[in-house]
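The values are calculated or read from the model by the stated rules, or taken from the named source; none is laboratory data. Just so it is clear, the structure is predicted and the values come from calculations on it, not from any experiment. No Cβ is skipped: glycine too gets one built from the backbone with ideal geometry, and neighbour counts run over all protein chains shown. All accessible areas refer to the heavy atoms of the entire protein, side chains included, with ligands and DNA or RNA removed. Shrake-Rupley method; radii C 1.70, N 1.55, O 1.52, S 1.80 Å.
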Amino acid sequence: MNPHEPLRLHVPEPTGRPGCQTDFSYLRAAPAGHARKPALDVDPKATAGLAVGMVRVLDEQGNAQGPWAPSIAPGILHAGLKAMLKTRLFDARMLTAQRQKKMSFYMQCLGEEAVACAHTLALNADDMCFPTYRQQGILITRQMPLFEMICQLFSNARDPLKGRQLPVMYSNKAKGFFSLSGNLGTQFVQGVGWAMASAIRGDNRIASAWIGDGFTAETDFHTALTFAHVYRAPVILNVVNNQWAISSFQHIAGGEATTFAGRGVGSGIASLRVDGNDFLAVYAVSQWAAERARHNYGPTLIEWVTYRAGPHSTSDDPSKYRPADDWGRFPLGDPIARLKQHLINLGQWDEARHEALAVELEQEIIAATKAAEQHGTLGDGSIASAATIFEDVYKDMPAHLRRQRQQMGA
Amino acid sequence: MNVACEPSQPNEQATQVMTMVQAIRSALDVMMARDERVVAFGEDVGYFGGVFRCTEGLQAKYGKQRCFDTPICESGIVGTAIGMGAYGLHPVVEIQFADYVYPAYDQLASEAARLRHRSAGEFTAPITVRMPCGGGIYGGQTHSQSPEAIFTQVCGLRTVMPCNPYDAKGLLIASIECEDPVIFLEPKRLYNGPFDGHHERPVTPWARHPQAAVPEGYYQVPLDSAAIVRPGAAVTVITYGTTVHVALCAASETGIDAEVIDLRSLWPLDLDTLVNSVRKTGRCVIVHEATLSCGLGAELLALVQEHCFYHLEAPVERVAGWDTPYPHAQEWAYFPGPGRVGAALKRVMEA
Ligand SMILES: Cc1ncc(C[n+]2csc(CCOP(=O)(O)OP(=O)(O)O)c2C)c(N)n1
Ligand SMILES: [Mg+2]
């Protein structure tokens, strides 16, 4: 007789599902101010505790606590609040425009604005980002003209990408924003390669590569860690753990018995898990990681713990797979509300100024949308001519493409 | 041995007799000396100089920053090269065997190939991906493949395959300078000598081959240009890589006055040279070592019928590897040698 129970497969499940509240204790959210701040040249192995803990600066009352509290000029806090609010309002407007069929598709970053916005403010303007589709906050913080962003979304005659890419798959070299790919994960390795090139050339620019919790399961993630470690590449490896990959909970990507930051320590990379809804923590840890990279101490892996508050995209319906009130109960709160409270505590902000800022940003977004609409939307057919699809396949158009362009008759 | 009809010395440079390995190394050396942006890396490529020794001495000469060993991770080799290309470097990476390129396929087909297009020219991937291909060395199914068709099918990639030292150096330099991503396939059976398929005969060194006289310095063999390696009137043989030498041998053994065309650039290709030749001869045999079905030969055949149909006097034949994994012990039954090519030439002439 077999003395063991029959084998069984473990398929991870979230604690919450529609009609059943999430038990967020799985996040192990530490109190603000507790995490230590190591020296820049820390031995990566010594970050093991930080990789399973959680760096937090802002406490429940909105005050900065502990060694990670950055000395940060109020100007940067104001810029951060503005960038986050602008990102959120922009997303909301674009969702409406998508419903009005002005674009085919949209993806918002509701609830995770601090990650991209605070990180970008901690970088230099010429550091290079290899983002996913949920880091529009980088472009907004670096002040890409909204008009251009919206023309891309509308795939219209002024779309800088000539209608070749899905909405939100921006590219903006001048803003240090690498062309987005739909094959997610690939950019993580490329970011490491860019950083290696910067090191080979004796430059001082660093790279910042991004990936979602879901895509950490791709081999590209592990490949990037290996190469970044081997060559001590000046790169920041950002994992945005927003708990969900479409309908799959982060435990399906491998977050159950370890953290995503934990994978970095195993790869010889200094790694931290951070409250991604805490503007001050994101800023401080990003600054620390950027300094490490610039000092040739190599890569830093950062897991940003946040929450994807909206649907995955305009094609998704999260009510089918998670509780409706999940974001409201998420223990790390709303990044905009938290920074706002902090600024109010500092005497640097108030409700009236907040209201005025929101109105000003709304007006800017509406004006940019109207200006972009002058050049058409996907729906009304004012798009780049079909003949342009043959351009940029190669640097110089080969004979077979010239023949095909002729056959198309465009 | 037939002499190539294109001029082998377009300039006044001193030449040296080189093997294909030496010619490839010389191309890398010339380019690393000329252009700071050129870096070379891959598995065993740095200190040791590559398992086929194509990068020997480069690390010692140019330093570890520009020539180094990598983890055994093809997707990482190509993925980091793409990032370096976006930065502004011109990386030349080595995949140890073409049989191991598949883990890098996503980075090549989805990323390098489309980066320029999807970013409307903002970002590009001017990378060269070198890899030994083909059989004839008892390498079995994992050291013998010719995967060119999975690259020629991808818009945005260029695929190149030289068959002699002169072309290897000139094409590699052109590939490194090219702003598009280039797949550079090196028939490994030709590394150290030409091979006409007569495996039972002693190995021939490159030394006596006219295309082994290689200029010491910089020169290019342009991409997208085929070479007529044997002019002829009776039938056109379209081929590339190791089977160029096989086709030459078959022509001389059968006494058929074949015009043998070495494609050199597999895609985009030099259509005019093919079309002009087939219109002249009215007959065509297509030869490659890769598996037959859905291979590059199928595309070549389609182009021939599209552009030469009213000049054809016989059905076009294809001679290729069988549609099986590349065998080990049965290598010579698999390899499209001079016997099979010669028989196809005769059939086409009799039709
Ligand atoms: C290679 C690849 N596989 C699958 C997809 C389809 N896909 C797009 S987004 C997504 C989920 C990603 O989740 P995550 O990495 O957590 O990022 P998030 O959407 O939460 O920001 C999937 C499966 C894809 N784009 N690329
Ligand atoms: Mg996610």
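Annotations for the structure displayed:
- Of the criteria (1) away from ligand 2 (no atom under 13 Å from the Cβ); (2) surrounded by fewer than 23 Cβ atoms within 10 Å (Cβ to Cβ); (3) within 14 Å of chain B (Cβ to nearest Cβ), which one A:Gly266 fails: (3)
- Single match in A:Ala257, A:Ala233 (criterion: more than 14 Å from ligand 1 (Cβ to nearest atom) and crowded, with 23+ Cβ neighbours inside 10 Å): A:Ala233
- Summed over the range A:240-258, the residues that are near ligand 2 (Cβ under 9 Å from one of its atoms) and assigned to a strand (DSSP E or B) give a count of 5.
- Flag not set for A:Glu351, criterion: under 30 Å from A:Asn204 (Cβ atoms) and open to solvent by 30 Å² or more (accessible area, probe 1.4 Å).
- Qualifying residue in the range B:115-136 (condition: open to solvent by 10 Å² or more (accessible area, probe 1.4 Å) and more than 8 Å from every other protein chain (Cβ to nearest Cβ)): no
- Residues in the range A:123-140 that are within 16 Å of ligand 1 (Cβ to nearest atom) and not hydrophobic (A, V, I, L, M, F, W, C) were compared, and the one that is nearest to A:Met169 (Cα to Cα) is A:Tyr133.
- Scanning the range A:315-324 for residues that are assigned to a loop (DSSP other than H, G, I, E, B) and open to solvent by 60 Å² or more (accessible area, probe 1.4 Å) yields A:Ser315, A:Asp317, A:Ala324.
- Residue count, the range B:190-233 (criterion: assigned to a helix (DSSP H, G or I) and not polar (S, T, N, Q)): 6
- Just one of the numbered conditions (1) within 14 Å of another protein chain (Cβ to nearest Cβ); (2) over 20 Å from B:Glu186 (Cα atoms) is not true of B:Ser293: (1).
- The range A:189-223, residues that are more than 14 Å from ligand 1 (Cβ to nearest atom) and under 19 Å from A:Ser286 (Cβ atoms): A:Gly191, A:Val192, A:Trp194, A:Ala195, A:Ser198, A:Asn204, A:Arg205, A:Ile206, A:Ala207, A:Ser208
- Scan of the range B:86-121 for residues that are of a type outside the set (A, V, I, L, M) and either under 13 Å from B:Val38 (Cα atoms) or free of Cβ contacts under 8 Å to residues at least 12 places away in the same chain (or both), ordered by number: B:Tyr87, B:Gly88, B:His90, B:Pro91, B:Ser110, B:Arg118, B:Ser119, B:Gly121
- The listed residue being among the small types (Gly, Ala, Ser), free of Cβ contacts under 8 Å to residues at least 12 places away in the same chain and crowded, with 24+ Cβ neighbours inside 10 Å, out of B:Gly63, B:Gly83, B:Gly42: B:Gly83
- Complete set of residues in the range A:145-176 that are within 9 Å of chain B (Cβ to nearest Cβ) and farther than 11 Å from B:Glu122 by Cβ: A:Asp159, A:Lys162, A:Arg164, A:Gln165, A:Met169
- Within the range B:83-99, the set of residues being more than 7 Å from chain A (Cβ to nearest Cβ) and part of a helix (DSSP H, G or I) comprises B:Gly85, B:Ala98, B:Asp99.
- Residue that is surrounded by the most Cβ atoms within 10 Å (Cβ to Cβ), among those in the range A:123-176 that are within 16 Å of ligand 2 (Cβ to nearest atom) and part of a loop (DSSP other than H, G, I, E, B): A:Gln135
- If you check A:Arg338, A:Arg263, A:Arg273, A:Arg308 for being closer than 25 Å to A:Gly33 by Cβ, of a type in the set (D, E, K, R) and within 16 Å of ligand 1 (Cβ to nearest atom), only one passes: A:Arg273.
- Here is the figure for the range A:177-211: residues that are within 11 Å of chain B (Cβ to nearest Cβ) and part of a loop (DSSP other than H, G, I, E, B) total 12.
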